[in-house]
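Reviewing the structure listed below.
Values in this text are rule-based calculations from the coordinates and carry no lab data. In this text, all values refer to a predicted model and were calculated from it rather than measured experimentally. Note: ideal-geometry Cβ built from the backbone for every residue, glycine included; neighbour counts use all protein chains shown.
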Amino acid sequence: MTKYRIETHVDTRYIEEESSPEQSHYIFSYTITITNKGEIPAKLISRHWIITDADGRIQEVRGKGVIGQQPHLKPGESYTYTSGTSLQTAIGFMQGSYQMVADDDTKFDATISAFRLVVPGLLH
């Protein structure tokens, strides 16, 4: 086992009722489960997202915690939250990282692999 290891699982959803495709405005939600798979408790301090739409436009988002929280996870514990983003295209993707600090004061990044945001039915 690794001392510092955070895993993430992501589910996405297109929010049709809040989107306006005719105005190039697409709303997506994402639910992320963060699990401490390491040996030492760790706290999520901040986040960094890179959001890219199908035209290559990039938004970078940095901030403290997630949805106003800075969860502290013991080994084996998980934290789940839902947030959202908007795109100007019907397809895009997000990737990023959480900046963590372990109880032994070690700082490390937990990478969030790229995941797709897509209006249902566009990709097969």
key: Nitroxide proxy distance, nm - points 7 Å out along Cα→Cβ at GLU22 and SER46   = 4.2 nm
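Compute the signed sum of charges (Lys and Arg +1, Asp and Glu -1) over the other residues within less than 10 Å, Cβ to Cβ, of THR89.
Counting the neighbours of THR89, the net charge comes to -1.
Given N residues in the chain, what is its alpha carbon radius of gyration divided by 2.2 N^0.38 Å?
Working: Rg = 15.7 Å, N = 124, 2.2 N^0.38 = 13.7 Å.
So the Cα radius of gyration is 1.15 times the expected 2.2 N^0.38 Å.
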Choice from SER24, SER86, SER46 with maximal GNM fluctuation in the chain (Cα, 10 Å cutoff) = SER24
query = Where nothing but the Cβ of Lys and Arg (+1) and of Asp and Glu (-1) is charged, how large is the charge dipole of the stretch 6-116 around its Cα centre, in debye to the nearest 20?
reply = 220 debye
query = For PHE108, what is the net charge nearby, where nearby means another residue's Cβ is under 15 Å from its Cβ and Lys, Arg count +1, Asp, Glu -1?
reply = 0
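Below 8 Å, C-alpha to C-alpha, sequence gap of six or more: please give me the relative contact order for the chain in percent.
Details: 294 pairs, mean separation 35.9, N = 124.
About 29 percent, as a whole number.
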query = In the chain, with Lys and Arg counted as +1 and Asp and Glu as -1 at Cβ, which of these residues, LEU117, HIS25, GLY68, has the Cα nearest the positive end of the dipole, that is, farthest along it?
reply = GLY68
key: Gaussian network model of the chain, Cα within-10 Å springs - most flexible of THR89, THR106, THR31   = THR106
message = If you take every residue apart from GLU7 with its C-beta less than 15 Å away from the C-beta of GLU7, what net charge results, scoring Lys and Arg +1 and Asp and Glu -1?
response = 0
task = Give, as ranges by residue number, the residues of the stretch 79-108 whose backbone N falls under 17 Å from the point 7 Å along Cα→Cβ of ARG13.
result = 80-86
